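Okay, so here's the structure we're looking at.
The values are calculated or read from the model by the stated rules, or taken from the named source; none is laboratory data. As the structure is a prediction and not an experimental result, all values here were calculated from the model. As a convention, Cβ positions derive from the backbone with ideal geometry for all residues, glycine included, and neighbour counts pool all protein chains shown.
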Amino acid sequence: MSVIIRIGTPADIPQVLNLVKELATFEKAPNEVEVTVEEMTNWGFGNDKQFDFFVAEEDNTIVGIALYYYKYSTWKGKCLFLEDIIVTESYRGKGLGKLLFNQVVEVSKTQNVRRMEWQVLNWNTPAIEFYKKYEAVLDDEWINCKLTNHQLERL
């Protein structure tokens with residue numbers, strides 16, 4: 001296996017979106033992906049930049065990503081939020097998740113963030129066990145809340 005980890009580029013977005021759709025299927029929500037290639041390209045590289053990402057690539061095929069962005073905590077200051085680590089099914093269990101996670105940890109350290117955060121589904125036992133190896137705090141105190149764009153439109 002000759003996988004390289006590198007910073008993502010605009011040309012990577014179509015393959016990245018395919019991985020996002022693969023994750024949505026894995027998480028039993030295949031129809032929930034609304035973002036387009038054009039939107040991801042704009043939000044990743046345009047004037048309204050929202051995120052950064054790393055890719056795991058083998059033979060010009062992206063087989064994994066780690067997508068993150070910065071947020072602000074009124075108590076802690078600058079924080080990094082790891083939105084997703086996605087490794088295509090045929091490459092899982094080969095250490096790519098660890099390589100991608102470690103890249104984001106390094107960014108967190110070099111950017112002097114006060115906290116690195118992410119979420120994991122409570123039924124995703126392999127991911128939970130992976131994060132426990134890092135001695136991550138698995139917080140069951142906070143409840144996730146959200147309003148969809150459809151709900152926002154009605155308000």
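One residue stands out among those in region 107-128 that are modelled with pLDDT of 95 or more and loosely packed, with under 10 Cβ neighbours inside 10 Å: the one that is nearest to Phe53 (Cα to Cα), which is Thr110. Of the numbered conditions (1) in a helix (DSSP H, G or I); (2) modelled with pLDDT under 95, Asp48 fails exactly one; give the number of that condition. Failed condition: (1). A Cβ distance below 8 Å, combined with a sequence gap of six or more or placement on separate chains, defines the contacts here; from region 133-155, residues that are over 20 Å from Glu34 (Cα atoms) reach residues that are basic (Lys, Arg) in the pairs Leu138/Lys132. Please verify whether Phe81 is over 15 Å from Leu19 (Cβ atoms), touching a residue at least 24 places away in the same chain (Cβ under 8 Å) and not small (Gly, Ala, Ser), treating the condition exactly as stated. Considered against the rule, which asks whether it is over 15 Å from Leu19 (Cβ atoms), touching a residue at least 24 places away in the same chain (Cβ under 8 Å) and not small (Gly, Ala, Ser), Phe81 comes out as yes. Of all residue pairs spaced 6 or more apart or on separate chains, those with beta-carbon atoms under 8 Å, a first member in region 94-115 that is closer than 18 Å to Lys132 by Cα and a second member that is loosely packed, with under 15 Cβ neighbours inside 10 Å are Lys94/Met1; Phe101/Tyr134; Arg115/Ser73; Arg115/Lys76.
Inside region 75-105, residues that are in a loop (DSSP other than H, G, I, E, B) and either crowded, with 17+ Cβ neighbours inside 10 Å or in contact with a Pro (Cβ under 7 Å, 6 or more places away or on another chain) (or both) make up a count of 1.
With the requirement that a residue be of a type in the set (S, T, N, Q), loosely packed, with under 11 Cβ neighbours inside 10 Å and under 20 Å from Arg92 (Cβ atoms), what does region 1-59 give you? Passing the criteria: only Ser2.
Restricting to region 60-74, name every residue that is surrounded by 15 or more Cβ atoms within 10 Å (Cβ to Cβ) and either touching a Cys at 6+ places or on another chain (Cβ under 6 Å) or of a type in the set (A, V, I, L, M, F, W, C) (or both). Result: Ile62, Val63, Ile65, Ala66, Leu67.
Determine if region 20-36 includes at least one residue that is more than 24 Å from Trp123 (Cα to Cα), of a type outside the set (Ser, Thr, Tyr) and either over 16 Å from the mean Cα position of the chain (by Cα) or not in a helix (DSSP H, G or I) (or both). Within region 20-36, one or more residues are more than 24 Å from Trp123 (Cα to Cα), of a type outside the set (Ser, Thr, Tyr) and either over 16 Å from the mean Cα position of the chain (by Cα) or not in a helix (DSSP H, G or I) (or both). Taking every residue in region 21-48 that is under 16 Å from Tyr68 (Cα atoms) and pairing it with any residue that is assigned to a loop (DSSP other than H, G, I, E, B) and of a type in the set (D, E, K, R), at least 6 positions away or on another chain, the pairs with Cβ-Cβ distances below 9 Å are Asn42/Asp48; Asn42/Lys49; Trp43/Lys49.
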